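These notes are about the structure you will find just below.
What follows draws every value from the coordinates through simple rules; no lab data is involved. Model, not experiment: these values are computed from the prediction. Glycine also receives a Cβ, built like all others from the backbone with ideal geometry; neighbour counts cover every protein chain displayed.
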Amino acid sequence: MSQRGKQDELGEYRPLSYFQLMEVSLRELLVEKGIVSDAEVQATLEDMRARGPDTGARVVARAWVDADFKARLLENGTRACEAFGLDVPALRLVVVENTPQVHNVIVCTLCSCYPRMLLGLPPDWYKSSHYRSRVVREPRAVLAEFGLRLPDAVQLRVHDSTADMRYLVLPMRPAGTAGWSEARLASIVTRDCMIGVAVPESSGSE
Ligand code: FE
């Protein structure tokens, strides 16, 4: 093994953390044993970086226009997404529906588990200990900081993701969107709406 460290964005040499070292060691062993190639690892990384929340937005828009799909999505998110033609890893995807009475928010209190297959890589704030610890204790205050003020009568449910179980919030379809195409509906479904720290707005999308 060579020197274990890497340069940060300022060009400073920093030693690898325990988990970074473990990742490098495991990856090198897998390549050495011919189980995966470096090129495959790079291609997968590029694919992950290129993925964004548009896939999740398409799923939400379909659920808004197709009641049968929505029912299947809420019953078994993984199976419904597979039927939708998505390549879903062997994870349990639980889709939680916002209603006038209940608003859902997702978090991973332990680390950064996130429905990457639908939303891409999580934003930095999602991984921060600040968000992870506070959203479970004072969700209403955290949502207000995101600019989302919900009536007191709306119940908040915070869902803690795990390595094998991911959540996606199905936001409410906003008023004023009757007759919109699926593509136009998908355009107003942002990443934050599917995490639950925002809600879709019908204004401003032409
Ligand atoms: Fe996690």
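When a/c is below 1.5 the answer is rounded, else prolate if a/b is larger than b/c, else oblate, so apply that to segment 78-180 with a ≥ b ≥ c taken from the square roots of the Cα gyration tensor eigenvalues.
In terms of gyration-tensor shape, oblate.
Amide H contacts of E97: L170, each under 5 Å away and 5 or more positions distant or on a separate chain (H built 1.01 Å from N in the peptide plane; Pro and chain starts excluded). In the elastic network of the chain, a GNM with C-alpha springs shorter than 10 Å, the most mobile of I35, I106, I188 is I35.
Could you tell me how many degrees, from 0 to 90 and to the nearest 10, lie between the Cα long axis of helix 18-32 and the main elongation axis, the longest principal axis, of the Cα atoms of the chain? With rounding to tens, the tilt is 70 degrees.
Spin-label point model (7 Å from Cα, Cβ direction): what's the V136 to D160 distance in nm? Those two pseudo-labels are separated by 0.3 nm. Partner lysines whose Cα lies under 28 Å from the Cα of K33, excluding those fewer than 8 positions away in the same chain, are identified as K6.
If only the Cβ of Lys and Arg carry +1 and only the Cβ of Asp and Glu carry -1, the dipole of segment 50-206 around its Cα centre is close to 260 debye. What does the C-alpha gyration tensor say about the overall shape of segment 5-50? Classify as rounded when a/c is under 1.5, otherwise prolate if a/b is larger than b/c, or oblate. In terms of gyration-tensor shape, oblate. Note on segment 1-100: dipole from Cβ charges, positive end direction compared against Y13, G52, A71; the farthest Cα belongs to A71. For segment 121-132, 3J(HN,Hα) computed residue by residue from phi via the Karplus equation (6.51, -1.76, 1.60; θ = phi - 60°) reads 6, x, x, 4, 5, 5, 8, 6, 5, 4, 5, 4 Hz, glycine and proline entered as x.
Here's the picture: charge each Lys and Arg Cβ at +1 and each Asp and Glu Cβ at -1 in segment 54-195, and of V135, C193, S161 the one pushed furthest to the positive end of that dipole is V135.
Exposure proxy check: L150, L185 ranked by fewest other beta carbons within 10 Å? Please report the intermediate quantities before stating the final value.
Numbers: L150 15, L185 23.
Listed from fewest to most nearby Cβ atoms, that is L150, L185.
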